[in-house]
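First comes the structure, then the notes that go with it.
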Amino acid sequence: MPASLVGRKLGLNIIPVPDRNTCRQINVLGISGSSRQKPGMSKSERLLLRALDLYTGYGCQTQFLRLKDLVIHDCEGNYSENPDYCTYPCQSSLKYDDDQMQTVYDAVLACDIMILATPIRWNNHSALIQKFIERMNTIENQFTWFGNRMISNKVAALIIIGHVDGIQHVAGNLLNFVSWLGFHTPEVAIASWVGENDEDTTKDWGLIENNKYTQEDLHNMVNSALRLACSLKSHPLETGGA
């Protein structure tokens with residue numbers, strides 16, 4: 001007689017924290033792609049802040065950016081006219097005095113681990129994350145067109161929260177994006193949660209906090225990203241480009 005389905009087994013693959021002395025060398029950047037008006041309203045952002053707290057507890061240096069709080073102009077598609085026009089610094093940063101995307105570029109280039117947090121919006125990541133992706137073209141184009149690898153030996157991971165199915169679709173898009181940029185991904189690269197069909201978001205945070213699978217995934221994501229970042233810090237890989 002087949003065994004009854006009881007869900008995924010907890011505690012089978014707990015990833016340990018690396019040596020604390022090594023952790024102190026690691027800089028972690030958390031980027032929130034939620035469009036919620038006030039800090040603390042977004043569940044993906046709250047889970048991101050919890051991840052950053054874990055990193056701080058391990059002795060890492062952390063930085064948190066809310067894309068919602070920054071003035072970021074649209075990518076104007078200069079690459080489509082001529083790849084030579086997609087430069088770094090980004091043409092939009094040079095064109096608009098109030099553009100704050102350079103703050104994001106500086107943070108990404110300075111970090112060892114980047115955590116992107118996004119809600120699910122109509123089976124996809126948020127519009128703010130999409131704008132971030134498109135404005136990062138300038139970084140990717142530096143390597144593919146100009147031969148200058150700006151991102152190497154860095155780790156990326158994801159936090160995805162939503163009330164409809166779509167985590168794997170969102171994760172696939174974002175993992176493809178960070179791979180093109182030059183990021184490495186750890187063995188556990190995603191912490192996620194999907195709510196019920198009733199879409200009663202008022203009870204979500206309590207359900208997220210009490211979901212043992214989401215909490216285990218969050219800790220494993222934090223620890224596996226940290227372990228990979230420490231390894232790359234100690235033994236950096238040679239990369240192509242300048």
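No value in this document is a laboratory result; all are computed from the given coordinates. Note that the structure is predicted; figures quoted are calculated from it, not measured. Glycine also receives a Cβ, built like all others from the backbone with ideal geometry; neighbour counts cover every protein chain displayed.
Using C-alpha pairs below 8 Å separated by at least 6 residues, the relative contact order for the chain is 23 percent. Computed extension gain for residue 106 through residue 200, at 0.36 nm per residue and net of the alpha carbon distance, reaches 30.0 nm.
Evaluated over the chain, the count of Lys pairs having alpha-carbon atoms less than 21 Å apart is 13 (only pairs 8 or more residues apart or interchain). Return one number: the angle in degrees, 0 to 90 and rounded to the nearest 10, between the long axis of the Cα atoms of helix 43-57 and the longest principal axis of the Cα atoms of the chain. Its long axis makes an angle of about 90 degrees.
Taking other Cβ atoms within 10 Å as a rough exposure proxy, 140, 209, 238 sort from fewest to most as 238, 209, 140.
Full extension of the chain segment joining residue 176 with residue 91 gains 28.2 nm, where the gain is 0.36 nm per residue of separation less the Cα-Cα distance.
Percent antiparallel among DSSP beta bridges with both residues in segment 1-130, to the nearest 5? Of those bridges, close to 10 percent are antiparallel.
Is segment 118-242 rounded, prolate or oblate when judged by the Cα gyration tensor, a ≥ b ≥ c being the square roots of its eigenvalues, rounded requiring a/c under 1.5 and prolate requiring a/b larger than b/c? Verdict is oblate for segment 118-242.
Normalising the Debye intensity of segment 7-115 to I(0), with uniform scatterers on Cα atoms only, and taking log10 at q = 0.14, 0.19, 0.20, 0.21 Å⁻¹ returns -0.75, -1.04, -1.09, -1.13.
Of all DSSP-defined beta bridges confined to the chain, some 5% are antiparallel rather than parallel. Subtracting the Cα-Cα distance of residue 25 and residue 71 from 0.36 nm times their residue separation leaves 13.5 nm of extension gain. For the chain, the calculated P(r) over all alpha carbon pairs, in 10 Å bins from 0 to the bin holding the longest distance, is 7, 30, 35, 20, 6, 1, 0 percent.
Ranked for footprinting exposure by Cβ neighbours inside 10 Å, fewest first, 203, 154, 233, 9 give 9, 203, 233, 154. Ranking 144, 77, 56 by how far each Cα lies toward the positive end of the dipole of the chain (charges on Cβ) leaves 56 at the top.
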